[in-house]
1. Specify the residue that is modelled with the lowest pLDDT; the eligible residues are those in region A:137-149 that are surrounded by fewer than 16 Cβ atoms within 10 Å (Cβ to Cβ) and at negative phi.
2. Among the numbered criteria (1) under 21 Å from the mean Cα position of the chain (by Cα); (2) surrounded by fewer than 19 Cβ atoms within 10 Å (Cβ to Cβ), which single criterion is violated by A:Ile327?
3. Answer yes or no as to whether B:Arg184 is within 14 Å of chain A (Cβ to nearest Cβ) and open to solvent by 10 Å² or more (accessible area, probe 1.4 Å).
4. Residue under question is A:Ile179, and the condition is that it be closer than 16 Å to A:Arg332 by Cα, open to solvent by less than 80 Å² (accessible area, probe 1.4 Å) and modelled with pLDDT of 75 or more; does it hold?
5. Scan region A:114-130 for residues that are small (Gly, Ala, Ser) and either touching a residue at least 12 places away in the same chain (Cβ under 8 Å) or exposed (fewer than 13 other Cβ atoms within 10 Å of the Cβ) (or both) and jot them down.
6. Suppose we keep only residues that are within 14 Å of chain A (Cβ to nearest Cβ) and either assigned to a helix (DSSP H, G or I) or open to solvent by less than 30 Å² (accessible area, probe 1.4 Å) (or both) within region B:112-145. Which one would you say is nearest to A:Arg3 (Cα to Cα)?
7. Mind checking which residues of region B:142-176 are among the charged types (D, E, K, R) and within 16 Å of B:Ile81 (Cα to Cα)?
8. What residue, of B:Ala259, B:Ala209, is without any contact (Cβ under 8 Å) to a residue 24 or more places away in the chain and of a type in the set (Gly, Ala, Ser)?
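The values are calculated or read from the model by the stated rules, or taken from the named source; none is laboratory data. Note that this is a predicted model, so its numbers are computed, not measured. Here Cβ is always computed from backbone atoms with ideal geometry, including for glycine, and neighbour counts include all displayed protein chains. These accessible areas exclude ligands, DNA and RNA; they are computed on the full protein's heavy atoms, side chains included. Shrake-Rupley method; radii C 1.70, N 1.55, O 1.52, S 1.80 Å.
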Amino acid sequence: MLRYLLEKEIKQFVRNSFLPKMVVMLPLMAMLIFPLIANFEIKNINLCVVDHDRSIQSQKLIQKIQSSGYFRITDVAESYQRAMLQVESNNSDMLLEIPVAFGKDIEQGTSTNVLIAANAVNGVKGGLGSSYLTAILQNFSVDIATKIQLPKAMPQGAGFSIIPRFWFNPTLNYKMFMIPALMIMVLAIVSGFLPAMNIVGEKESGTIEQMNVTPVGRFQFILAKLIPYWLVGFIALSIAVLVSRWVYGFKPQGSIVTVYLFASMFMLAFSGFGLVISNYAKTMQQAIFMILFFLLTFIFLSGFYTPINNMPQWGQVLSNFSPFKFIIQSVRLVYLKGCGFADMLPQFFALCGFAVFFNGWAVLSYRKKS
Amino acid sequence: MNKNNCQLSTVNCHLISKSYGVVKALENISFEVEKGEIFGIIGPDGAGKTTLFRILTTLILADSGTATVDGRDVVKEYNEIRKHVGYMPGRFSLYQDLTVEENLDVFAKVFNTSIEENYHLIKDIYVQIEPFKKRRAGKLSGGMKQKLALCCALIHKPSVLFLDEPTTGVDPVSRKEFWEMLKRLKNEGITILVSTPYMDEAALCDRIALIQNGQFLKIETPENIVNQFAQELWTVKGVQMSKLLNDLRQYEHIRTCFAFGDTHHITLESNMSTVENLQDYLQTKGHLQVEIKPTKASIEDCFMELTFEKSESYD
């Protein structure tokens, strides 16, 4: 019986004018476009320079800033107040004030101060911009110090140089951080969203009622809905894996089998979540909004964008209720750190827990309604 | 309800009630349908026909009362019932994105049978849609959809067939054909429960139940229902039909008055007024060329009469 139902589901899926295209397009779009635009590396920060010194040294500094690639000198103002106007009118994101006698002080080896001010309306841009600029300034002062050989009068912080080593992602490439998470997002939509929509669709069109007066059991009916989407989920995941390999040259440090193993447990859990929704939603519209609400909540709690450690204490506790947290963690660990299955047992068991919880809930909530 | 009855009848309902919140969809419905009968449930929209069908096809549970279908309890043995009944809901509920053939195939297979096995049952109907068997069900015309739905409900050779308003929205010719098909199925020994809002179809059933506001008004053969009409019924025809209806209703000795196609059907309080009195009254109201003729009651008149009697008994 299950075979016939599966046959029907697959026929309907293939015949759908939209779904097969979406299964290919979604991972392609997610992999080709999102990593490029959802980028936390800040470039093209508009900088307004107030140069009271106008010396060779100040010129050198400005050139250095410009050549870093992060900044665009959009304006050179005469005073701090004028520069602030630029920031206020949003023409500049940051301003740098170089004091009078900056060059002279440097050459003589006395310490000097520059002023950095950043517009923090966009917190990420302000924060990262000022730290980039600080790094450039530090670098600059080290250069000066070595050039003019004045060990005693070295500016502060130049006594030792800090060369950070970024483990597991040496170039701090943001894409490598995003790609594993995006893979999971694709997987969630295909394995959780689509079967739920399919079932609610049968509710809307009344066909579920026609099926209910046949000997088809509820369990078989649901299994026939889920299996095709699990397969489709693997196809979408594979597309994502291949794109990240061919386009970004991004290979998992660990075993790809581990990735698939975790992904299948996640699909089981998340399709259970979809079933819960389909039991409560009467129309597609309701289902879409319910899923969207939970999907967004899960994603923001998962550490997809922001590290979980940055969250307030209660947020960190809440994050344990998002299945995304555990799957994104494990896929990132496999991809970047090369962790094996044994290293991620807590994550795996957490996903198992979600699978039991959601599927159990789906079964119970269905029984109550019939 | 004794045991013998249960065995003879295919469908057996005893004091079934169902409410949706404060709305009483069904109130103490009891009836029996014998094997090989065409049993019609006749009533307006919202009378409770669909709710009754959904209870008997095990889709919903009644609040109280018991029912058996094919000798099996609708609550305890719903799994068995599902193997032996065919249900055609009022709304087209097949897979629109599958073809005619594929729909039939899916429903045959989930009942563990094949199209070939019971082809003789659906042959007469299926030949009419066979030319379109590669067409998707969603692209069929209304009548074709109806025929396909009937085929799908029949493909597992059910012993009881539930048809919920099968002819609503179907053209008169297809309606006629449809009823001829039902007659043939009856000859195959299939018990058929059919609901319809069309009174003219009632005459085609073996027995009918008139239902209103969740209550059965009467269960009888169509002939007996008509014969039991106790009033003298008249048709009234005039030039200004809508004014005529109003004036008739204002007549003090009028009992019932309904628009009925191109005439009005009335009954009078016979001890108070005669047709001649009425004729005079209408003339004073300025109606010319009024024809008043006696007529034989139809099922619709009986339905109206029963509704009227019921409302009278409430007052």
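1. Of all residues in region A:137-149, those surrounded by fewer than 16 Cβ atoms within 10 Å (Cβ to Cβ) come to A:139, A:143, A:146-149.
Now restrict to residues that are at negative phi: A:139, A:143, A:146-148.
On the way: A:Asn139: 83, A:Asp143: 80, A:Thr146: 74, A:Lys147: 72, A:Ile148: 65.
Among those residues, the one meeting the criterion is A:Ile148.
2. (2)
3. On the way: within 14 Å of chain A (Cβ to nearest Cβ): no; open to solvent by 10 Å² or more (accessible area, probe 1.4 Å): yes.
Taking the combined requirement at face value, the residue does not satisfy it.
4. Numbers: closer than 16 Å to A:Arg332 by Cα: yes; open to solvent by less than 80 Å² (accessible area, probe 1.4 Å): yes; modelled with pLDDT of 75 or more: yes.
So A:Ile179 fits the description; yes.
5. Of all residues in region A:114-130, those small (Gly, Ala, Ser) come to A:117-118, A:120, A:123, A:126-127, A:129-130.
The answer is A:Ala117, A:Ala118, A:Gly123, A:Gly126, A:Gly129, A:Ser130.
6. Step one: list which residues in region B:112-145 are within 14 Å of chain A (Cβ to nearest Cβ), which gives B:112-115, B:134-139, B:145.
Now narrow it down to the ones that are either assigned to a helix (DSSP H, G or I) or open to solvent by less than 30 Å² (accessible area, probe 1.4 Å) (or both): B:113, B:115, B:137-139, B:145.
Values: B:Thr113: 14, B:Ile115: 17, B:Ala137: 22, B:Gly138: 24, B:Lys139: 27, B:Lys145: 26 Å.
Ranking the qualifying residues of region B:112-145, first place goes to B:Thr113.
7. B:Lys157
8. Details: B:Ala209 fails: without any contact (Cβ under 8 Å) to a residue 24 or more places away in the chain.
The conditions single out B:Ala259.
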